[in-house]
Amino acid sequence: MHAQLGRTGIAGAVLLLFSIAAPAAANDDPLFQLQKQWWQWAGSIPIDVNPLADTTGKYCDVGQQGSYWFLAGNFGGRTTRDCTVPKGVKLVVPVVVTFCYPEEGFDTDESCIAYVNDAFSSYRPQDLTVKLDDAWQETRDICEIVIAPGDDFPAVPGHCLVRRRADRTLFSFVVGASGFYFSEPGVWRANAARGVWSVIDTSKLTAGRHVLRIKAVGQPGAPIPSLTVTYNLRVRKAQN
C-alpha cells in the first residue's frame, strides 16, 4: 500500500523526510546496510516509546547499540528534541528516506520499485538541509532494489544498486501489534529502499552541546509539505 508516514501507521510503502545529496559511489558503502538496519530498528519499537513520535527526545536512546546511533525524523511539522549521545558513536541521520514492501491488494514488487523512486520527485535537493552547529553536512543518496533472475530490469536511477535474488527480498522486518504499521503483525519482506542519509562521527566533536538541524520543504502536492527537526545534542565523554 502506498502510505506515507504522516500519522500513526504505515502499510506497504513508507516515506520519511529529512540536504543536498550525492549518489553513493560504491555498493559496499556501509550506508546500504545501515539503511536496512534503520528501518528494522524504527519499525521494531512500540509507537508509545518510538523515537519517531517522540516530541522531547525522551526516547532517543531506545534500541541503540553498537558504534552507530540512529536518529529519527518526525511525522511532519516541527519537533525539538534533547538527546545525549556517547562520544565516539556515529550518528545516522535520515534526510529523505523511504522503503516499500509488497502487500496483497495494495503494492506489488513492481509498484514498490516505482514508488521508492517517485517519492523523491516532490522534493528539490536545495530544499532539504542538514546542519550541525550551522555547518552543512554531507549526505548520500542510497538506492537499492531486488529483482529475481529473469525479471525485466526496472526503470531506476542510474546510481541505484540492483540485486538479483530469487526470493525478491532486500530485507525482512517484523510488524508488531503496537508499532506504527497498519499491516497485520508478522514478518514481512521489503524489496526496495531509497534514502538520503547523513553520518556524523561524534569522535570528531568536542564533548558538550551541539545543535543538529534538519529541514525539508516539499513542492506542491508533496506527501509531507514540510518538517523541521532540531536535535539539541549533548556529546558525553566516554566513561571508563
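Projecting each Cα onto the charge dipole of the chain (Lys/Arg +1, Asp/Glu -1 at the beta carbon, about the Cα centre), which of Ile214, Val116, Ala42 comes out farthest on the positive side?
After comparing all options, I get Ile214.
Counting DSSP beta bridges with both partners in the chain, what percentage is antiparallel, nearest 5?
Details: 43 of 65 bridges.
If we restrict to bridges inside the chain, about 65 percent are antiparallel.
For the chain, which whole-number percentage of the solvent-accessible area (1.4 Å probe, protein heavy atoms only) is attributable to carbon and sulfur atoms?
50
Straight-line reach from Lys36: which lysines have Cα under 20 Å away, leaving out those fewer than 8 places along the same chain?
In chain and number order, the partners are Lys90.
What does the C-alpha gyration tensor say about the overall shape of segment 175-240? Classify as rounded when a/c is under 1.5, otherwise prolate if a/b is larger than b/c, or oblate. Could the numbers behind the result be given before it?
Working: a/c = 2.48, a/b = 1.45, b/c = 1.70.
Since a/c reaches 1.5 but b/c is at least a/b, the shape of segment 175-240 is classed as oblate.
Rounded, prolate or oblate: which fits segment 139-208, taking a ≥ b ≥ c as square roots of the Cα gyration tensor eigenvalues, rounded meaning a/c under 1.5, else prolate when a/b beats b/c? Walk me through the intermediate numbers first.
On the way: a/c = 3.00, a/b = 1.29, b/c = 2.33.
Verdict is oblate for segment 139-208.
Can you give the net charge of the other residues whose Cβ lies under 15 Å from the Cβ of Gly208, counting K and R as +1 and D and E as -1?
Net local charge, Gly208 excluded: +4.
Provide the packing ranking of 129-142, 29-42, i.e. peptides ordered by the mean count of other C-beta atoms within 10 Å per residue, highest first.
29-42, 129-142
What list of ³J(HN,Hα) couplings, whole Hz, do you get for segment 175-185 from phi and the Karplus terms 6.51, -1.76, 1.60, once you set θ to phi - 60° and write x for glycine and proline?
Listing the rounded values in order: 9, x, 6, 10, x, 9, 8, 7, 5, 4, x Hz.
If you place +1 on the Cβ of every Lys and Arg, -1 on the Cβ of every Asp and Glu, and leave all else neutral, what size is the dipole of the chain about its Cα centre, to the nearest 20 Debye?
1080
Size of the chain along its principal axes in angstrom, Cα-based, largest extent first?
The Cα atoms of the chain stretch 53, 41, 38 Å along the principal axes, largest first.
Counting only heavy atoms of protein chains, what accessible area per residue, in Å², does the chain have with a probe of 1.4 Å?
Dividing the accessible area of the chain by its residue count gives 45 Å².
What's the magnitude of the charge dipole for segment 104-172 around its Cα centre, counting Lys and Arg as +1 and Asp and Glu as -1 at the beta-carbon? Answer in Debye, nearest 20.
Charge dipole of segment 104-172: 220 debye, to the nearest 20.
Nearest 500 deg cm²/dmol is fine: what mean residue ellipticity at 222 nm does the chain get from its DSSP H runs of n ≥ 4 alone, each adding -39,500 (n - 2.57), divided by its residue count?
Counting only the DSSP helices, I get -3500 deg cm²/dmol.
The values are calculated or read from the model by the stated rules, or taken from the named source; none is laboratory data. All of these numbers come straight from a predicted model, not from anything done at the bench. Methodologically, a virtual Cβ is constructed for each residue, glycine included, from the backbone with ideal geometry; neighbour enumeration extends over all protein chains shown. All accessible areas refer to the heavy atoms of the entire protein, side chains included, with ligands and DNA or RNA removed. Shrake-Rupley method; radii C 1.70, N 1.55, O 1.52, S 1.80 Å.
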